[in-house]
Amino acid sequence: MQSKEQTQGKGLRITLGILIAAAVVLLAVSIFNWNARMQYARRLESMVTQSYYELVDQMDNVYVNMGKLMIASTPETNITLLSDLSRQADQAAENLTRMPASHPAIADTLKFVNQVSDFCRSLTLQAAHGLPLTQQNLDTLGQLRITCAAVQERVNGMTPEEVASGSLQAQDWYEEPLASDGGDSTTQTSVEYPAMIYDGPFSDGLEQRSAQGLPPEEVNAEEALLMARSYLSDRNLGEAQVEPVNEGRIPGYLITAGEPGSQLMVYIARQGGKLLWMMQETAGAVETSLSEQQCLDMAVTQLGAMGFDPVTETWTQSYDGTLVINFAAVQDGTTLYPDLIKVKVRESDGSIVALDATGYWMNHTERELSAPIISQEEAQAVLSSQLQVQSSRYCVVPTDGGDELPCWEFRATFGEDTYMIYIHAMTGAEVDIFLLVPVEGGIMVM
Amino acid sequence: MKRLHRLWERTMPAVLLWILVITLVAAPIAMAAAGDLYYGSRGEKVRQMQQKLKNWGYYNGAVDGVYGSETLVAVKLFQKRNGLTQDGIVGAKTAAMMGLSLTSSTSSSSGGASGSSQNDVYLLAKAIYAEARGEPYTGQVAVGAVILNRVKSAKFPNTIAGVIYQAGAFTAVTDGQINLTPNDEALRAARDALNGWDPSGGALYYYNPAKTTSSWIYSRTVITVIGRHYFAI
């Protein structure tokens, strides 16, 4: 009896021991995991906090530099201040996107900062061409500076903890005032700044552009379907579905035909019933029985049959048994780079499986092409003496802000690299330089 | 003494069971690598796994992101049927069998192509695959186009990576599906989008009305509908 009790006591102690050991292991694992978690959280928080403090500094610098710019009197100071401004604002935008804030919360602040950077970059270019800041430029800068002060005040008023928690709303940052509604309490403290129209990719003017190449008369859904059928005469559209698209850049009709897996989508613009884009689902075809030149020729023939004005190819890329060809419209031997048509041709039979003529219809009009002031020889003399020129042509190139410049295009090599260089045909200025990077199946223009 | 004996006899199975449970739970947890899913795990990945198990008929419980006992049973059943060790831990092997991505390390199977542009194609393809696989091809190109439209917009970050990884912008980034390896269709769609095709009509947003809880997104003007996605500006 005695010994049995002893054995039982021993068993109990062992059981308890195991239990305690298990509990200790569990506790240790939990503590380890918790520690690791806290470490990750702190690392993330410090990254956000770093971005926040940098943002504060950059906004301060933007404000200060804008003030200096108002009274700077030499072109050298202007260029230094403007390029610094553009860089600081660009970095501020980058840090802003690192905030753990939702898109609606920071969208307006981000737009403002991006536009400041973009606007200052375009003014830097203007100054680099020897043009002084105009009174209008200074007025715009003055207004931007007022908004900048408002943004700066908001950003300075935050605590790093608030920022890291990601709980800040649009009204905590900076919100653009609503256009006409008025009376919205959340926007009362906002500061307005003028619509920014300048030569840069974030210019407000770009959003307001309409399609220049489309005729004014409108087509209805039935006519759009008929247009689609005539554009794609060799293809059976069958039981096509037509959906009107009333919003977006170019209103029109989205026509869908075919079964999933081989679906064909065609977009016909409401204005003029023109083909804006089309796309056919193609499983990766591997057969490439046609040469690049054969594909090019067949594409040109098909584009002509569709009623597009004469085009010339600019660059190609081949992948998945298809060849993507970029065409630009040509007027009197001048390549019109803004009027782009992209075509995807199946390399097995040369048929067009996808087409995008958005650039073409946005820009294609009869241009008033004046004779170049700078001759081809004079333009070539501007080029770096290091370059071996291979070919040249006269062309119209688009700027970031949607303007067009008449240019001499030179294709030239330096060592192993091939470049495209654009010289302004009226002023002789070096407008743009592209490096052609060979990639699998084609060339990437960078 | 007799009473103690009886008490011991009665509690013994319970105690042993406890030890068993603790060892079963604690030991695998201690062994599980970071990122593995096991009894007690919580979060989006568990939710994804539960959804998959439910779709395949292994699991009947709630898809709540909590790895509980029902989930454990389902995972073990899955492991049994697929010839895996029935430890209830969703590690690399089990996850691969489920088609689940555990780690957030970026895969580098981009085909060895170099240059930032090739990286752009791959990154965009990852986003398209994670966000829009199963959608019509045109819808996948449109998702890629929305990302590129955002890059061009002043209201969004100015790089493809910036747009894709912007806080809260895409659910696929939040729940880790962005790290799945894209298929050929997604890569093709990414190339077409980068080459300028935009079936979205210039949209900056898209959403699936069946899955969206954000009321803000409904305030945007819808341009077009492709597959299950509404494309808006």
**Request:** Considering only region B:36-80, state which residues are without any contact (Cβ under 8 Å) to a residue 12 or more places away in the chain and surrounded by 17 or more Cβ atoms within 10 Å (Cβ to Cβ).
**Result:** none
**Message:** If the requirement is being in the same structural domain as A:T140 (by TED's automatic domain parsing) and surrounded by 15 or more Cβ atoms within 10 Å (Cβ to Cβ), which of these qualifies: A:E76, A:E45?
**Reply:** A:E45
**Request:** Name the helices (runs of 4 or more DSSP H) wholly inside region B:145-233 in which the number of residues that are surrounded by 22 or more Cβ atoms within 10 Å (Cβ to Cβ) and either without any contact (Cβ under 8 Å) to a residue 60 or more places away in the chain or within 12 Å of chain A (Cβ to nearest Cβ) (or both) is 3 or more.
**Result:** B:160-164, B:184-194
**Message:** Tell me whether region A:354-365 contains one or more residues that are buried (at least 16 other Cβ atoms within 10 Å of the Cβ), assigned by TED's automatic domain parsing to the domain that holds A:Q317, farther than 22 Å from A:Q212 by Cβ and at pLDDT 90 or above.
**Reply:** yes
**Asked** Restricting the search to region A:67-91, which residues are in contact with a Ser or Thr (Cβ under 6 Å, 6 or more places away or on another chain) and within 14 Å of chain B (Cβ to nearest Cβ)?
**Response** A:S86, A:A89, A:D90
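Does A:L225 satisfy the criteria of being in the same structural domain as A:T358 (by TED's automatic domain parsing), surrounded by 16 or more Cβ atoms within 10 Å (Cβ to Cβ) and touching an Asp or Glu at 6+ places or on another chain (Cβ under 8 Å)?
no
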**Residue match in region A:229-239 (condition: under 18 Å from B:G227 (Cα atoms), in the same structural domain as A:A305 (by TED's automatic domain parsing), free of Cβ contacts under 8 Å to residues at least 40 places away in the same chain and among the hydroxyl-bearing types (S, T, Y))** = no
**Message:** Checking A:V353 against (1) out of contact with any helix residue (DSSP H, G or I) (no Cβ under 7 Å at 6 or more places or on another chain); (2) outside any loop (DSSP other than H, G, I, E, B); (3) within 11 Å of chain B (Cβ to nearest Cβ); (4) free of Cβ contacts under 8 Å to residues at least 24 places away in the same chain, only one condition comes out false. Which one?
**Reply:** (4)
**Item:** Filter result (surrounded by 12 or more Cβ atoms within 10 Å (Cβ to Cβ) and farther than 17 Å from B:Y38 by Cβ) within region A:10-32
**Value:** A:G11, A:L12, A:T15, A:I18, A:L19, A:A21, A:A23
**Prompt:** Among the residues of region A:99-141, which ones are among the hydroxyl-bearing types (S, T, Y) and more than 10 Å from chain B (Cβ to nearest Cβ)?
**Reply:** A:S122, A:T124, A:T134, A:T140
**Request:** Out of B:A189, B:A172, B:A167, B:A193, report the one residue that is within 20 Å of the chain's Cα centre (by Cα), assigned by TED's automatic domain parsing to the domain that holds B:Y129 and under 16 Å from B:E135 (Cα atoms).
**Result:** B:A172
**Request:** Identify all residues within region A:85-116 that are in contact (Cβ under 8 Å) with a residue 60 or more places away in the chain and in a helix (DSSP H, G or I); write none if there are none.
**Result:** A:P104, A:A105, A:I106, A:A107, A:D108, A:T109, A:K111, A:F112, A:N114, A:Q115
**Message:** A:F327 - would you say it is away from every other protein chain (no Cβ under 14 Å) and of a type outside the set (D, E, K, R)?
**Reply:** no
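The values are calculated or read from the model by the stated rules, or taken from the named source; none is laboratory data. Predicted, not measured: the structure shown is a model, and the values here were computed from it. Cβ sites come from the backbone with ideal geometry, for glycine too, and all protein chains shown count toward neighbours.
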